[in-house]
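Asker: Below is the structure I would like to discuss, written out as structure tokens.
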Amino acid sequence: MKISTLEIGQASVLADFYNEQFSGMPYCYPVTEDEFRTGVRWHEEEDRPYEDLSEESILVVEDDGGDVAGFAHVAICRKGEEEDRIGLHPIEELLEDRIGLIRFFHYRAGARPAGQALLEAAEARLRDFGVGQIRAFSYFGYRFHRFCHAFQSDRMGHVGALLCMNDYRITRGIILLELPDFAVPDPVLPDPGVTTRFDVRPGRGSLPNMEFQLFRGDQCIGQGFAQSLGDFCRSPLAQDTFYIPWFS
């Protein structure tokens, strides 16, 4: 078993491993080497690298045959920078000023010794930078991976199990509701005093994004945002699906 280190600019060599491991995972689409290389660095909304992170590197573990068995992407983040990104949460009060992040961590199912060695190497790398707290899958996601959400999916139970066995604990999560196939009837507003407003904006995908609002007179009584998955991933398979990150 061998563990090596990649600079962020070398990340594209992991594209095939990523595609193999996440094939069939909902909302994970095949990515090209170029898309992987930029997607691990760029913001969700802008084509520029994250400025909030430092000391980034990717650790790769290989099996005895020399094939990739897993990788871990580590970085350092300042507490205030993360709070600005995600808003206050009770857990933030417990954090130190500098936090070690495991941005992404994955190993091949069944290769637990490789996963354990990889996790220990990632933790050691972060401790070398003098941090006393480490968070895994805590924001700063890969653009192409599941709407740029960094949270670890329960579909990859072996990864979560390994982290829990090493005393990591779940502090927060999200629930994704999906309606994969549906017919769209002509809308009928139940209240004639209610009007709609739509703001359609071009995005990176083949379909635009849209903010929508409901008004009663001058008062906004409902709003939301629909984002094309083409904003996150170039695959043709992603272009006809929309993600609604917020609705109220």
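Asker: Looking at the stretch 194-213 only, could you name the residues that are surrounded by 12 or more Cβ atoms within 10 Å (Cβ to Cβ) and not in a strand (DSSP E or B)?
Answerer: Gly203, Arg204, Gly205, Ser206, Leu207, Pro208
Asker: Within the stretch 173-185, is there a residue that is crowded, with 17+ Cβ neighbours inside 10 Å, part of a loop (DSSP other than H, G, I, E, B) and under 21 Å from the mean Cα position of the chain (by Cα)?
Answerer: No, because not a single residue in the stretch 173-185 is crowded, with 17+ Cβ neighbours inside 10 Å, part of a loop (DSSP other than H, G, I, E, B) and under 21 Å from the mean Cα position of the chain (by Cα).
Asker: Which residues, taken from the stretch 5-53, are surrounded by 15 or more Cβ atoms within 10 Å (Cβ to Cβ) and closer than 17 Å to Gly205 by Cα?
Answerer: Listed by number, the residues that qualify are Tyr27, Cys28, Tyr29, Pro30, Val31, Thr32, Glu35, Phe36, Thr38, Gly39, Trp42, Glu44.
Asker: Output the residues belonging to the stretch 19-55 that are under 17 Å from the mean Cα position of the chain (by Cα) and not in a loop (DSSP other than H, G, I, E, B).
Answerer: Asn19, Gln21, Phe22, Cys28, Glu35, Phe36, Arg37, Thr38, Gly39, Trp42, Pro49, Leu53
Asker: Just to verify a result, which residue in the stretch 180-215, among those that are among the β-branched types (Val, Ile, Thr) and out of contact with any strand residue (DSSP E or B) (no Cβ under 9 Å at 6 or more places or on another chain), is farthest from Arg234 (Cα to Cα)?
Answerer: Among those that are among the β-branched types (Val, Ile, Thr) and out of contact with any strand residue (DSSP E or B) (no Cβ under 9 Å at 6 or more places or on another chain), it is Val188.
Asker: Next question, about the same structure. Considering the stretch 1-18 alone, what residues qualify as being in contact with a strand residue (DSSP E or B) (Cβ under 9 Å, 6 or more places away or on another chain) and part of a helix (DSSP H, G or I)?
Answerer: Correct list: Ile8, Gln10, Ala11, Val13, Leu14, Asp16, Phe17, Tyr18.
Asker: Also, quick follow-up: For the stretch 19-74, which positions are touching a residue at least 40 places away in the same chain (Cβ under 8 Å), closer than 30 Å to Glu178 by Cα and in contact with a helix residue (DSSP H, G or I) (Cβ under 7 Å, 6 or more places away or on another chain)?
Answerer: Tyr27, Cys28, Tyr29, Pro30, Val31, Thr32, Phe36, Val40, Glu44, Gly70, Phe71, Ala72
Asker: Give the residue that is farthest from Ile3 (Cα to Cα), with candidates limited to residues of the stretch 109-130 that are aliphatic (A, V, I, L, M) and surrounded by fewer than 19 Cβ atoms within 10 Å (Cβ to Cβ).
Answerer: That would be Ala109.
Asker: Looking at Gln219, is it exposed (fewer than 10 other Cβ atoms within 10 Å of the Cβ), more than 28 Å from Val31 (Cβ to Cβ), at pLDDT 90 or above and out of contact with any Pro (no Cβ under 6 Å at 6 or more places or on another chain)?
Answerer: yes
Asker: Looking only at the stretch 139-147, decide whether some residue is within 30 Å of Leu229 (Cα to Cα) and part of a helix (DSSP H, G or I).
Answerer: Yes; the residues of the stretch 139-147 include at least one that is within 30 Å of Leu229 (Cα to Cα) and part of a helix (DSSP H, G or I).
Asker: Go through the stretch 136-159 and give me each residue that's surrounded by fewer than 20 Cβ atoms within 10 Å (Cβ to Cβ), under 15 Å from the mean Cα position of the chain (by Cα) and not aromatic (Phe, Trp, Tyr).
Answerer: Selection gives His149, Ala150, Ser153, Asp154, Arg155, Met156.
Asker: Restricting to the stretch 214-244, count the residues that are part of a loop (DSSP other than H, G, I, E, B) and of a type outside the set (Gly, Ala, Ser).
Answerer: Looking only at that region, the number is 7.
Asker: List pairs: first in the stretch 176-197 and under 18 Å from Leu214 (Cα atoms), second in a loop (DSSP other than H, G, I, E, B) and modelled with pLDDT of 80 or more, Cβ under 9 Å, 6+ apart or cross-chain?
Answerer: Here the result reads Gly193/Gly217; Thr195/Gly217, each pair linking the stretch 176-197 to a residue that is in a loop (DSSP other than H, G, I, E, B) and modelled with pLDDT of 80 or more.
The values are calculated or read from the model by the stated rules, or taken from the named source; none is laboratory data. Since we're looking at a predicted model, the values are computed, not measured. Reconstructed Cβ throughout: ideal geometry from the backbone, glycine too, with neighbour counts over all protein chains shown.
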